[in-house]
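These notes are about the structure you will find just below.
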Amino acid sequence: MSSDLQQDMQQFLQVLSVERRYSSYTINAYQHDISDFLRFCQRVSLSSWKSVGQVEVQRYISISHQRGLSGRSLERRLSALRSLFKFLLREKRVVHNPAVMVHAPRGEYTLPVIPDVVQVQALLETMLTGRLGSRDRAMMELFYSSGLRLMELTSLNITDLDQPDGSVRVRGKGSKDRIVPVGEKAWSAIRAWFVARASMANADETALFVSQRGTRISVRAIQSRLRYWSEQLQWQHALHPHMLRHAFASHILQSSGDLRGVQELLGHADIATTQIYTHLEFQHLNEVYQRAHPRARKKDSES
């Protein structure tokens, strides 16, 4: 593999880290996808970025599709390549972006499982005991109250909270800040957590949520704790942070019908990403229709 291509990739990843302040998780995903493309370039004897055209990118996507990658995974790889070549254009190492006009094959999109309002309320109103229970309740309430991503909640500092204003400042993807409201139930859980946090957090720790070591809680620890409570409470779903974010968006959309508002709350750059919730809402309405309309389907005696 050409050392020049490797160096260019590393420089690009450095830009993502320093200039755009992407999370380590996102940077690792970019590195994984671009490294796979570099291995393809090596196999087909492409030794420079200028030798990569639209045909080569399309061939790479086709081969990846034949290997069983989903449409979503292929679109993610294309997004990484588009960003890489945009950087190379800026650095004048290429004269065009060969990934711009390439599109991933359309595939089936599996809609996420989203609990209804009653199920979420039952989960959040269950008594969680002890300091860790107090912390975990506050995290779950905040996920559902404000629709946060996992990394966004992990990155929160105490100073990001604005209780008089009833909001929290969130650092989203690409280090884009947004202000989102926090519901009273979540504030109540956060206030209870502050009491427990005083005996857990290190003196100089700024993180809102901390581990038993007194330092900022990790992504894996949050995932593990939510799995733990879903098992302990024998909840009907395998609980994970994004499920509560999905529930937040779906329930807001059901009540308001304001897709643009939901897009802003979620921090989606493209409203197409938010439109999944319109599919979920239609799915819900269709189920209601099938159950309730007298002429929606044949009666058992007619089948």
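The numbers here are math on the coordinates, done by the rules we state, and not lab data. In this text the structure is predicted, and so the values were computed from the model without any measurement. Every residue, glycine among them, receives a Cβ derived from its backbone with ideal geometry; neighbour counts consider all protein chains shown.
The fewest-to-most ranking of L233, L16 by surrounding Cβ atoms within 10 Å reads L233, L16. Using the alpha-carbon centroid of each, what span in Å lies between segment 138-176 and segment 9-71? After rounding, the separation between the Cα centres reads 32 Å. Cβ crowding within 10 Å, taken as a proxy for footprinting-reagent exposure, orders V118, V219, V57, V210 from fewest neighbours to most as V118, V219, V210, V57.
Rounded to the nearest 0.05, what FRET efficiency is calculated for Q7 and H65 with R0 set to 25 Å and r the Cβ-Cβ distance? So the FRET efficiency works out to roughly 0.30.
Ranking A238, G130, S250 by how far each Cα lies toward the positive end of the dipole of segment 117-288 (charges on Cβ) leaves G130 at the top. Along segment 251-263 the Karplus relation, 6.51 cos²θ - 1.76 cosθ + 1.60 evaluated at θ = phi - 60°, assigns HN-Hα couplings of 6, 5, 5, 4, 7, 10, x, 9, 5, 5, x, 5, 4 Hz to successive residues, with x for each Gly and Pro. Measuring between alpha carbons in the structure, the pairs from K50/K92; K92/K176; K86/K176; K50/K176 lying more than 22 angstrom apart are K92/K176; K50/K176. In loop segments of segment 41-120 as defined by DSSP, the GluC sites (Glu not before Pro) with at most 11 further C-beta atoms inside 10 Å of their C-beta are E108.
Residue separation of Q223 and R39 scaled by 0.36 nm, minus their Cα-Cα distance, works out to 63.0 nm of gained length. Can you give the FRET efficiency to the nearest 0.05 for E91 and S24, using r as the Cβ-Cβ distance and R₀ = 25 Å? It comes out at approximately 0.60.
Using only side-chain charges placed at the Cβ, +1 for Lys and Arg and -1 for Asp and Glu, the dipole size of segment 3-90 relative to its Cα centre rounds to 200 debye.
This ranking places S3, S145 by how few other beta-carbon atoms lie within 10 Å of each, fewest first, which gives S3, S145.
Modelled spin-label separation between L132 and S47, with each label point placed 7 Å from Cα along the Cα-to-Cβ direction: 5.7 nm.
Placing +1 on the Cβ of every Lys and Arg and -1 on the Cβ of every Asp and Glu, with no other charges, gives segment 2-161 a dipole of roughly 600 debye about its Cα centre.
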